[in-house]
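Trainee: Please read through the structure below; I'll follow up with questions.
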Amino acid sequence: MGTIVACSTPFGSSGIAVIRLSGSASHKIVSSFLKNPLITKKNNTPTLCQLVDSDGQIFDEAIINFLFSPNTYTGEDLVEISVHGNPIIIQKTIGLCCSFGAVIAPGGEFTKRAYLNNKLDMSQAESVASLISSKSLLGAKLSYKNLRGSLLENILSIKNKIIGTIGQIEFNLDISEEDLQPSLVPDSVSVIGSCIKNLSSAVESFEAVSVLTSGASVVIAGPTNAGKSTLFNALLKKDRAIVSEVAGTTRDVLENTINIGEIPFVLKDTAGIRKTKDQIEKIGVEKSNQEVLLADLVLYLGEPGSVLSSDNPNVVYVFNKKDIRSGGEKYDISISALKNKNISKLKKLILQRVSSGFSDIGFIVTSQRQVSCLKKTIHHLSIATKSLQQSPELELVAEDLNFALSFLDEITKKTTKDDVLDSVFSSFCVGK
Ligand SMILES: Nc1nc2c(ncn2[C@@H]2O[C@H](COP(=O)(O)OP(=O)(O)OP(=O)(O)O)[C@@H](O)[C@H]2O)c(=O)[nH]1
Ligand SMILES: [Mg+2]
């Protein structure tokens with residue numbers, strides 16, 4: 001593999017920018033444009049050095065850290081150059097690295113090399129991506145836990161149980177049917193059952209956890225004039241949407257981000273749902289229905305149970321205008337958006353509804369790929385259980401358990417195919 005270079009900090013003006021190189025030629029390449037190349041390089045010892053252009057003139061001084069294989073992020077020789085964060089200096093430094101033999105790293109290349117050099121397994125590499133993109137502190141903490149091997153530990157513990165069961169089954173394969181251990185079937189069913197339970201809870205927690213890493217969408221919907229835009233403004237604490245007593249004021253979907261607790265929410269105000277001949281309003285109503293379908297949570301300012309265009313189960317029925325009317329008993333909450341009554345209570349309810357899925361966050365997965373591997377594992381474990389319970393064809397049971405193991409391995413180990421590798425690492429930012 002050649003030597004790669006990229007700026008690991010966001011492009012633009014900043015106090016400092018960090019440029020990284022990885023590969024066997026990285027130390028030599030950087031030494032080629034130092035005013036006084038270090039005669040002996042010490043591992044992980046940041047040193048102030050002057051950088052010279054091809055005309056021999058110094059254009060910046062930088063802190064340079066030479067790191068030696070294998071104890072680096074990528075497992076290869078690595079250099080970190082902290083230059084002043086001027087885009088011209090960054091471009092010049094990267095240009096010089098390329099002129100001495102480095103190539104620009106595509107997104108995720110540093111982490112891909114870490115994976116290929118066994119510094120990280122696939123689940124840890126994915127945790128790096130979710131740690132960087134996480135939109136909440138709790139999401140970052142969970143991603144970090146997986147980066148440090150929490151997911152790997154959970155998977156290994158389940159693998160050990162499956163391997164133990166395969167061992168028992170293979171032992172019984174070699175003996176006659178009359179001599180089968182009587183406890184073999186019930187014990188195996190019970191062990192496999194507990195594996196399925198654990199894996200299923202991880203699959204279920206994925207959506208809740210992705211709310212923490214990607215943010216949750218909360219859609220305010222309901223009939224016209226119900227006070228949706230007033231509520232939108234009250235939650236945002238600013239006059240973002242137009243409010244009027246004219247029914248059908250809001251036509252387009254408006255959105256804004258707010259944080260409640262540690263979770264980011266994308267709050268959406270929609271057009272009031274009613275039958276209309278107005279072509280533009282009709283489009284607005286269609287958009288509202290689509291948003292309701294896709295929402296993580298709907299705040300519905302209409303009659304409980306009144307027909308929503310989806311069967312989205314996560315609906316909070318809100319009784320608005322409690323300052324001028326009564327009758328909110330059937331609703332989840334009564335508020336006055338105009339008078340700012342019970343808005344904090346509503347925020348708590350939103351948080352509670354969205355975060356109810358992560359009460360047990362012992363075993364979490366952070367990518368759709370991991371979920372798909374878990375589902376395939378569960379599928380084969382379920383078939384194995386059925387076979388055991390119906391007519392114990394032990395060869396078939398062992399085969400399904402081995403399939404289950406192979407899908408668990410895909411989450412962590414190096415059995416990953418090239419196309420999967422590409423799809424995982426293409427989502428990374430450049431320089432990581
Ligand atoms: N008294 C009272 N009036 C409210 C309350 N919330 C909204 N209103 C009034 O109700 C009218 C409609 O409010 P909007 O927020 O525009 O209603 P909307 O649901 O967005 O309406 P459309 O966009 O037309 O669907 C306005 O005159 C608001 O001032 C409330 O809590 N109490
Ligand atoms: Mg409105």
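The values are calculated or read from the model by the stated rules, or taken from the named source; none is laboratory data. If you're wondering where the values come from, they're calculated on a predicted model, not measured in any experiment. Cβ placement follows ideal geometry from the backbone for every residue including glycine, while neighbour counts extend to all protein chains displayed. Remember, those area values only see protein heavy atoms, side chains included, never the ligands or the DNA or RNA. Shrake-Rupley method; radii C 1.70, N 1.55, O 1.52, S 1.80 Å.
Trainee: Lys/Arg Cβ at +1, Asp/Glu Cβ at -1, dipole of the chain taken about the Cα centre: which of Gln290, Leu48, Ile273 is farthest positive-ward?
Mentor: Ile273
Trainee: Now, a different point. So what is log10(I(q)/I(0)) for the chain at q = 0.06, 0.11 1/Å, when the Debye sum runs over its Cα atoms only?
Mentor: Values, matching the q order: -0.42, -0.97.
Trainee: Under a 1.4 Å probe, what is the accessible area of segment 74-123 per residue, stated in Å²? Show your work: numbers first, answer last.
Mentor: Values: 1810 Å² over 50 residues.
Averaged over the residues of segment 74-123, the accessible area is 36 Å².
Trainee: I'd like the distance between the alpha-carbon centres of segment 109-167 and segment 179-212, rounded to an integer number of Å.
Mentor: 20 Å
Trainee: Mind jotting down a quarter of the surface of the convex hull over the alpha carbons of segment 128-221, in square nanometres, one decimal?
Mentor: Details: hull surface 35.8 nm².
If I average the Cα hull's projected area over directions, I get 9.0 nm².
Trainee: Shifting gears a bit: At 20 Å minimum axial length over the Cα atoms and a Kyte-Doolittle cut of 0.5, report the qualifying DSSP H helices in the chain, or say none. Before the final figure, lay out each step's value.
Mentor: Working: long enough: 150-173 (35 Å, 0.55); 184-214 (45 Å, 0.89); 279-294 (23 Å, -0.31); 368-390 (33 Å, -0.50); 394-412 (28 Å, 0.76).
Taking the DSSP H segments of the chain (at least 20 Å long, mean hydropathy at least 0.5), we get 150-173, 184-214, 394-412.
Trainee: Let me ask another. Run the accessible area of segment 27-113 with a 1.4 Å probe and give the carbon-and-sulfur part as a rounded percent. Write out the running numbers ahead of the final one.
Mentor: Working: 2300 of 4240 Å².
The value for segment 27-113 is 54 percent carbon and sulfur by accessible area.
Trainee: With N denoting the number of residues in segment 232-283, provide Rg(C-alpha) divided by 2.2 N^0.38 Å, to two decimal places.
Mentor: Numbers: Rg = 13.1 Å, N = 52, 2.2 N^0.38 = 9.9 Å.
So segment 232-283 has a normalised radius of gyration of 1.33.
Trainee: Quick one: which residues, 5+ away or cross-chain, put their amide H under 5 Å from the amide H of Thr9? H built at 1.01 Å from N.
Mentor: The answer is Val18.
Trainee: If the cut-off is 16 Å between C-alpha atoms, which aspartates and glutamates fall inside it for Lys376, apart from same-chain ones fewer than 8 positions away?
Mentor: Excluding near neighbours in sequence, the set is Glu204, Glu399, Asp400, Asp409, Glu410.
Trainee: Is the shape of segment 59-155 best called rounded, prolate or oblate, per the rule: a/c under 1.5 gives rounded, else a/b larger than b/c gives prolate, else oblate, with a ≥ b ≥ c the square roots of the Cα gyration tensor eigenvalues?
Mentor: It comes out prolate by the Cα gyration axes.
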